[in-house]
Amino acid sequence: MKNLILILFTLICIPAVYAQQHGSVSGVVTSTDGSPVAYVTVALKGTSYGTSTTDKGHYHLGRINPGTYTVCVTAINIVSQEKQVTVVAGETTAINFMLDLSTSQLREVLVNARNNSVKMDNPSQSLRLQEPLLQVPQNIQVVTAQSLKEQQIISMSDGLIRNVSGAVRLEHWGDLYTNITMRGSQIQAFRNGFNVVSSYWGPLTEDMSFVDHIEFVKGPAGFMLSNGDPSGLYNVVTKKPTGETKGEFSYTVGSFNLNRATLDLDGKLSKDGKLLYRLNLAAQNKDSFRPNEFNDRYAIAPVISYQIDDKTKLTAEYIYQRAHMSDVGSYYVFSPKGYGVLPRDFTQAPAGLPPTIINDHSFTINLQHQLSDNWKLTAQAARYNYSQLGTSMWADTVFADGRYVRNAGIWEAESSMSLAQIFLNGRVTTGKVVHKILGGIDMADKKYVADYAQTKSLDTKAIPFNPYESGIPTLNNPSNGYPTFNRTLNLEARAAAGFGLINSRYSSLYVQDELGFLNNKIRLTLAGRYTSIQMSDFNTPESAKHFTPRVGVSASIDDQTSVYGLHDETFLPQAGKVSVGTLQPLTGNNTEFGIKKDWADGKWNTTLSVYQILRNNELTADPNAAPGSNTSIVFGQKRSQGLEFDLRGELLPGLDVTANYAFTDSKVSKVNPDLASSPGNTINVGDVVPGYSKHVANAWLSYKVLSGELKGAGVSLGGTYLAGRQTDTWSVGLERLPDYFKMDGGLFWEGSKMRITVNAFNILDKYTYSGSYYSFLNAYYWQADAPRSYRLSIAYKF
């Protein structure tokens with residue numbers, strides 16, 4: 001720790017030690033009426049130097065060799081503008097641009113730059129990177145606002161993952177949380193750079209009304225964000241004020257009584273534009289293709305930002321989500337006879353169970369201060385509070401004839417998280433080497449308490465639930481009645497007496513230096529993170545300290561092509577009541593190589609990567625225990641390896657394509673000695689690890705007419721194909737999951753102020769599902785997807 005602090009202090013002092021060998025160019029881009037022109041591209045013609053203007057129209061190009069260049073400003077649907085500039089070592093040359101744009105053209109530039117693209121060139125500030133995605137030595141894929149809009153995605157669990165290679169969503173507890181597997185393991189959930197996971201069953205799925213875009217980071221990302229899984233993470237980036245006064249209202253109707261309205265207001269609270277606001281509201285009522293199932297959601301998300309001075313900005317954000325939904329286990333279906341043997345709309349959930357009610361609050365404050373042209377300090381803190389009261393259904397006993405005893409357990413939970421981060425980004429030149437410095441500290445204190453120990457059988461073994469008996473009475477009149485739970489003790493006392501508490505506290509110090517050689521054509525990343533963790537999971541205390549290194553190389557073959565290699569390690573606390581082995585933090589490493597390329601002047605992009613991930617001390621559900629026992633085993637080490645390919649962008653004028661393919665292979669490489677010697681162990685070296693699909697292929701194509709009488713009209717078509725699917729348990733049963741294919745598509749029309757979108761989902765009306773086999777029940781269970789369904793959205797901008 002002392003050595004890392006010394007390194008960080010030394011790196012911070014570097015700017016005062018080394019003389020500047022390069023020059024820079026900066027300025028502001030405005031329209032003729034003085035309004036800032038945001039998000040247009042500013043580049044040095046014929047070089048790899050380029051950036052985008054901020055929401056205030058400012059730009060800065062640094063680390064430029066002395067000489068004469070042509071600065072070029074470009075954006076979609078505007079005439080480019082060029083000026084010559086002479087760069088002098090150690091000096092910043094100011095070049096301003098004034099574009100002849102009307103108010104409507106200015107709005108169109110903003111819309112085209114930020115929203116009308118399925119491809120993003122730069123990561124969000126929360127990833128802490130100082131370079132385009134093309135140059136990052138890691139596979140990062142971004143699902144943009146345009147993709148969310150075209151595909152009518154309304155929550156994190158609503159078809160989002162088709163936009164990312166290798167991402168699979170396993171069986172889940174309704175729309176409670178987003179259980180995404182990638183590279184053979186469940187990935188971590190982040191929001192604006194914070195790890196917001198406090199238990200296996202969280203966080204609550206984000207409503208898309210307040211989401212700008214989602215970044216999927218493949219492999220460990222501890223140096224960009226916080227403690228993360230070696231398989232990767234997704235980072236939800238929320239909407240922020242843009243400085244432009246605008247608004248949008250949308251209304252969506254659809255199958256299963258979907259009614260949804262959203263309002264997005266963006267504007268200024270002061271005449272000078274220093275105090276800005278953004279307010280997003282959403283309300284939704286939605287039923288299901290299954291009886292007695294519903295999901296009503298409400299969201300309120302105000303954001304305020306204040307530009308204290310030219311160098312300092314303060315942003316405060318509050319998000320409130322309320323979910324009012326049916327029993328979160330209503331999706332599950334059980335049968336000893338195989339998968340899909342009951343009607344697609346079959347349900348085990350009776351009408352009399354109380355609803356699940358969730359209240360989710362988060363407050364974040366972010367301070368950014370530009371110390372100098374080359375150094376920026378960011379500090380942010382957040383408080384998350386979550387409460388849940390409801391029930392979760394399962395099966396007690398499944399008989400050979402298909403009848404079974406339904407069970408309803410209480411699920412009352414509270415979660416609190418205090419999160420803090422402070423980090424420094426800087427650029428330093430030493431001789432001909434450019435250093436991009438990242439250093440900082442992040443801390444978290446998380447607590448999750450839950451009572452899910454109280455359960456009751458809804459049916460008796462003498463009169464079990466009969467899935468083959470038609471009619472509502474057999475569904476809604478359980479022979480053993482409805483549950484009444486004892487809440488005499490407070491929640492924490494009940495949780496401690498039941499399966500125990502889940503607490504974790506960690507702090508990390510990290511330093512990263514990316515060295516740029518040969519005019520930044522070759523980039524070497526060297527980094528290290530030191531983490532200290534104290535945790536108590538299900539009353540099992542654990543503490544550990546660990547150092548994780550990172551080495552990466554990225555090289556630009558030309559201005560639009562780069563290759564990279566990366567070796568990264570991770571260190572992550574785990575929650576689990578362990579029946580075999582000793583609870584320890586998960587450690588692992590990722591080695592990958594890839595090639596990235598922009599095509600057609602950056603209009604579309606491809607990424608190809610290959611990787612191998614080793615995960616040590618990983619917990620997995622005890623295959624010999626019932627789900628309600630919440631026991632896990634430490635099975636040893638697993639090795640995941642594979643190949644990923646992503647394509648996204650505008651292939652032809654008006655034709656946007658998002659397509660991807662992933663091959664994944666995940667197997668046991670070592671067996672924990674305690675497990676190997678335990679009675680009844682069935683896990684061996686070489687066994688396939690549960691929870692992924694060997695082949696995953698997705699595509700979404702959208703064509704928009706750009707001229708003529710049909711200008712603005714368009715058509716979309718997409719599909720998902722899964723093959724070699726693995727269940728999420730070690731017991732595969734006698735029947736394997738079949739291959740999976742689902743097709744969606746629709747029509748749309750978009751004008752300057754209005755967009756109308758209609759989509760059909762599961763066009764071929766296939767009976768698709770995911771599922772597993774539980775040996776202790778001698779039964780299969782599965783969750784069916786919805787049949788053919790429709791959504792119609794109307795959005796109006798003002």
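The values are calculated or read from the model by the stated rules, or taken from the named source; none is laboratory data. Nothing here was measured: the structure is a model prediction, and the numbers come from that model. So basically every Cβ, Gly included, is an ideal-geometry build from the backbone, and we count neighbours across all protein chains shown.
Key figures
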item: Within segment 261-310, considering residues that are of a type in the set (S, T, N, Q) and in a strand (DSSP E or B), the one surrounded by the fewest Cβ atoms within 10 Å (Cβ to Cβ); result: 285
item: Conditions (1) within 30 Å of residue 495 (Cα to Cα); (2) in a strand (DSSP E or B); (3) out of contact with any helix residue (DSSP H, G or I) (no Cβ under 7 Å at 6 or more places or on another chain); number of the one not met by residue 459; result: (2)
item: Some residue of segment 335-347 being part of a strand (DSSP E or B), in contact (Cβ under 8 Å) with a residue 40 or more places away in the chain and either in contact with a helix residue (DSSP H, G or I) (Cβ under 8 Å, 6 or more places away or on another chain) or surrounded by 15 or more Cβ atoms within 10 Å (Cβ to Cβ) (or both); result: yes
item: Filter result for residue 196 (β-branched (Val, Ile, Thr), within 12 Å of the chain's Cα centre (by Cα), over 28 Å from residue 737 (Cβ atoms) and surrounded by 24 or more Cβ atoms within 10 Å (Cβ to Cβ)); result: yes
item: Cβ-Cβ under 7 Å pairs, at least 6 apart or on other chains, segment 282-296 side under 13 Å from residue 348 (Cα atoms) and of a type in the set (Asp, Glu), far side outside any loop (DSSP other than H, G, I, E, B) and at pLDDT 95 or above; result: 293/287
item: Failed item in (1) modelled with pLDDT of 80 or more; (2) crowded, with 19+ Cβ neighbours inside 10 Å, with residue 572 passing the rest; result: (1)
item: Strands (runs of 3 or more DSSP E) enclosed by segment 733-798 - at least 2 residues per element that are under 13 Å from residue 340 (Cβ atoms); result: 769-774, 779-784
item: Some residue of segment 674-693 being in a strand (DSSP E or B) and in contact with a Gly (Cβ under 9 Å, 6 or more places away or on another chain); result: yes
item: Segment 540-565 residues that are free of Cβ contacts under 8 Å to residues at least 60 places away in the same chain, paired with ones that are of a type in the set (Gly, Ala, Ser) and not in a strand (DSSP E or B) (beta carbon under 9 Å, 6 or more apart); result: 540/500; 540/576; 558/48
item: Residue match in segment 28-38 (condition: surrounded by 20 or more Cβ atoms within 10 Å (Cβ to Cβ) and closer than 28 Å to residue 518 by Cβ); result: no
item: Residue match in segment 349-357 (condition: assigned to a strand (DSSP E or B) and polar (S, T, N, Q)); result: yes
item: Set 772, 793: member being surrounded by 21 or more Cβ atoms within 10 Å (Cβ to Cβ) and within 30 Å of residue 398 (Cα to Cα); result: 772
item: Top-ranked residue of segment 575-593 - restricted to ones that are surrounded by fewer than 21 Cβ atoms within 10 Å (Cβ to Cβ) and more than 16 Å from residue 631 (Cα to Cα), ranked as modelled with the highest pLDDT; result: 593
item: Selection status of residue 184, at pLDDT below 90 and surrounded by 22 or more Cβ atoms within 10 Å (Cβ to Cβ); result: yes
item: Subset of segment 388-404 [within 15 Å of residue 474 (Cβ to Cβ) and either surrounded by 23 or more Cβ atoms within 10 Å (Cβ to Cβ) or among the hydroxyl-bearing types (Ser, Thr, Tyr) (or both)]; result: 404
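To keep it simple, each residue is scored yes or no on (1) assigned to a strand (DSSP E or B); (2) at pLDDT 75 or above; (3) out of contact with any helix residue (DSSP H, G or I) (no Cβ under 8 Å at 6 or more places or on another chain).
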| position | (1), (2), (3) |
| --- | --- |
| 24 | yes, yes, yes |
| 54 | no, no, yes |
| 63 | yes, yes, yes |
| 82 | yes, yes, yes |
| 90 | no, yes, yes |
| 93 | yes, yes, yes |
| 107 | no, no, yes |
